[in-house]
Amino acid sequence: MGRAFGIELEGAVYTCKWCDTHLGVPSDIISKETEDGCLVYVFSRLYNTIILAEATGDFHDIFCVGCSNDIGIYGVSDPNSFRVLRSELHGPEGSDDEV
C-alpha cells in the first residue's frame, strides 16, 4: 500500500479535529442533520480521506488520511453522500461552526 498524500484546500475549509488535515469546503455541504443525538454534516465530496473497502451493512467507514481517525460513513445506496460527525471537524475560521 502506498502513502496517501494530502491536498491543501484554499479558502474556508473544514479540518480534522485531531490533525488539522483539510477535509471539505462549506459549498460541498448538502445538509446538516441530527442522528441519534449527534450533529452530522452531509457532504457531496470530501478530500484527504480513505473509504474502508469492507462495508458494515450499507455503509463504509471514512477515515482521515492524516491521523487515520474514523470521521464518518459513506452510504453505498447514495454515492454522493458523505456523512461526517460534526464532533470530528473544526469549522472554517470566523464561521458559526468554528470550535
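Principal axis extents of the Cα atoms in the stretch 1-90, from largest to smallest and rounded to whole angstrom, are 31, 29, 21.
Taking all C-alpha pairs of the stretch 46-90, those more than 17 Å from each other amount to 24 percent.
Accessible area of Glu88 (1.4 Å probe, protein heavy atoms only, ligands and nucleic acids ignored): about 30 Å². So what's the net charge close to Gly75: Lys and Arg +1, Asp and Glu -1, counting the other residues with Cβ under 14 Å from its Cβ? Its environment carries a net charge of -3.
Which residues make up the longest stretch of the chain clear of trypsin sites (Lys or Arg not before Pro) that lie in a DSSP loop with no more than 14 other Cβ atoms within 10 Å, not counting the sites? That gives 46-99 as the longest site-free run. With protein chains left intact and a 1.4 Å probe, residues in the chain average 61 Å² of accessible area per residue. Exposure check, 1.4 Å probe, all protein chains in place: Asp20 carries approximately 100 Å² of accessible surface. Karplus-derived 3J(HN,Hα) values for the stretch 34-44, using 6.51 cos²θ - 1.76 cosθ + 1.60 with θ = phi - 60°, are 10, 10, 6, x, 10, 7, 10, 9, 9, 9, 7 Hz; glycine and proline are entered as x.
In this structure, the amide hydrogen of Val25, modeled 1.01 Å from its nitrogen in the peptide plane, lies closer than 5 angstrom to those of Tyr14, counting only residues at least 5 positions away or on a different chain. When a 1.4 Å probe is rolled over the protein heavy atoms, the share of accessible surface on the chain that falls to carbon and sulfur comes to 50 percent.
Taking every alpha-carbon pair under 8 Å whose residues sit at least 6 apart, the chain reaches a relative contact order of 26 percent.
Annotation: extensible slack from Ile30 through Glu54 equals 6.1 nm (criterion: 0.36 nm per residue apart, minus Cα-Cα distance).
The values are calculated or read from the model by the stated rules, or taken from the named source; none is laboratory data. All values derive from a computational prediction rather than experimental measurement. Cβ: placed from backbone, ideal geometry, glycine included. Neighbour counts: every protein chain shown. Quick note on the areas: whole protein, heavy atoms, side chains included, nothing else; ligands and nucleic acids left out. Shrake-Rupley method; radii C 1.70, N 1.55, O 1.52, S 1.80 Å.
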